[in-house]
1. Report, in debye and to the nearest 20, how large the dipole of region 123-177 comes out about its Cα centre when Lys and Arg carry +1 and Asp and Glu carry -1 on their Cβ.
2. If I compute solvent accessible area with a 1.4 Å probe over the protein chains, what percent of it on the chain is carbon and sulfur?
3. Using only the alpha-carbon atoms, how far is helix 91-101 inclined from the longest principal axis of the chain? Give it as 0 to 90 degrees, nearest 10.
4. What whole-number value in Å² describes the accessible area per residue of region 47-113 for a 1.4 Å probe?
5. Calculate the length of the line joining the C-alpha centroid of region 146-160 to that of region 200-246, in whole Å.
6. Taking Cα atoms, how many degrees apart are the long axis of helix 333-343 and the longest axis of the chain, rounded to 10 and kept between 0 and 90?
7. For the pairs Lys121/Lys152; Lys141/Lys397; Lys217/Lys368; Lys217/Lys265; Lys70/Lys121; Lys182/Lys316, flag any whose C-alpha to C-alpha distance is greater than 22 Å.
8. How many nm is it between the label spots at Gln451 and Asp346, if each spot is 7 Å from the Cα in line with the beta carbon?
Amino acid sequence: MRVTTDRVRAPSRIRLGASATAVATVLALGLGACSSGGSSGAAGDGTGEITAWFHSGQGPERDTLKRQVKEFNASQDDVTVKLKLLPEGSYNDQVQAASAAGDLPDVLDFDGPLLYNYVYKGKLVPLDDYVPDSVTSNLTKASRAQGTYDGKLYSLATFDSGLGVYGNRKLLDEAGVDYPRKPGESWTAREFTAALKKLADHTGRSRVLDLGLANGKGEWFTYGYSPVVWSAGGDLIDREEYRSADGVLNSPKVVDAFRTVQSWKKYTDPDTDGSGFTSGRTALSWNGHWQYAGFSEALGDDLVVLPVPDFGVGSKSGQGSWNWGITSSSKNQKAAAEFLQYLMQDEQVLAMTEANGAPPATRSAMEKSALYGPGKPLERFAAQLKDSCGSGPITMKCTTVPRPATPAYPVITSAFQKAWADIWDGGDPRAALDKAVEEIDTDIEDNDGYQQP
């Protein structure tokens, strides 16, 4: 769950993924139970009233969607959208309760990684027959990967996400720290560690790194730090069969990578007030796209956007955010698709991404974006998303990795979050990752591999 303030210029919390509370709620409601429930819907004739649920996040994002619904309703006479805004803090709780009661809306937005369990439970319909190729072919590779499960497209996103390291150019230059300047360049983990030491020695302050700890707990742990796993040549689960995390999450190279990250704690500002980087206490901030506006306002031309360090298999970033899908219980799925197609138009995608500062999830809007287009300040994040690993293997050539497309994801992220917390608190990385593997593999075994009936 993304938790934000209502100010787009200085959000203080991460804006994507399911929180630990939401994950626990999903699990408590029998998330692992395979079901084809909710399949009583129908295509309909493409006219009439439909309902759409949306998480009530930051103000500008919320206001933009309300305006889009109003303009869509006024633009034609066939479909009327009735929008319901649910509090973000309890959004997933309410969706799960409605799912259990068979009372979902026609159109639903949801945290990207939860898509696969919704599909497994039979709550969403494939969009391939409802949305034309002109829409689906315009999705970025990263966006298409996030919305696809078992070879079918189940969701559409208007925006995505980006992760990197922000730097204070003035502090880096004063300390004589060499940093990546060209596309494709990145620090190695060893070079990054050396840069932290050099900054600490020069400034006389040991806490020179912001690791995004002010983003809160929950999904930020997985989104922000699973790139360490991928860059070290591991993964959260074996993606060939999605049956085990053993040997990939707890491989020796991943263990070593987290020993390196653990060594950064002495250089890391706790950032309890969320101002470590903007105040100049830290020279580097491991963070997401949602921080750019506030960072840019505070640092101006001294702000540089850098990739996450390379732990051996290239720099990697997380990807994915909120998505739209059509529920299998909807009696008017064609009409629902008309509304989704409207939201995917360039004008609407750009309106939303200008409101929330996120990268567009379509290729054409990305090219036009004032932040992410060619030569623009966050072009690096756009380039990362263009080179998504997608559903393929994680290699040196790709830079963003979708979270695993498996119904087991809520358990995976919960286990990883606990492992990260143990490691950061000084625990043995091998023991923490082994424990996470055991939890993940036990869940998959208990659910018969999450195989479709």
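The values are calculated or read from the model by the stated rules, or taken from the named source; none is laboratory data. The shown structure was predicted, so the numbers you read here are calculated from the model rather than taken from an experiment. Ideal geometry is used to build each Cβ from the backbone, glycine not excepted, and the neighbour counts take in all protein chains shown. For accessibility, only protein heavy atoms count, side chains too; no ligands or nucleic acids. Shrake-Rupley method; radii C 1.70, N 1.55, O 1.52, S 1.80 Å.
1. So the dipole magnitude of region 123-177 works out to roughly 120 debye.
2. With neighbouring chains kept in place, the figure for the chain is 48 percent.
3. Between the helix axis and the principal axis of the chain, the angle is about 30 degrees.
4. 40 Å²
5. Each part reduced to its Cα centre gives a spacing of 24 Å.
6. In the chain, helix 333-343 runs at an angle near 40 degrees to the longest axis.
7. Lys217/Lys368; Lys70/Lys121
8. 4.8 nm
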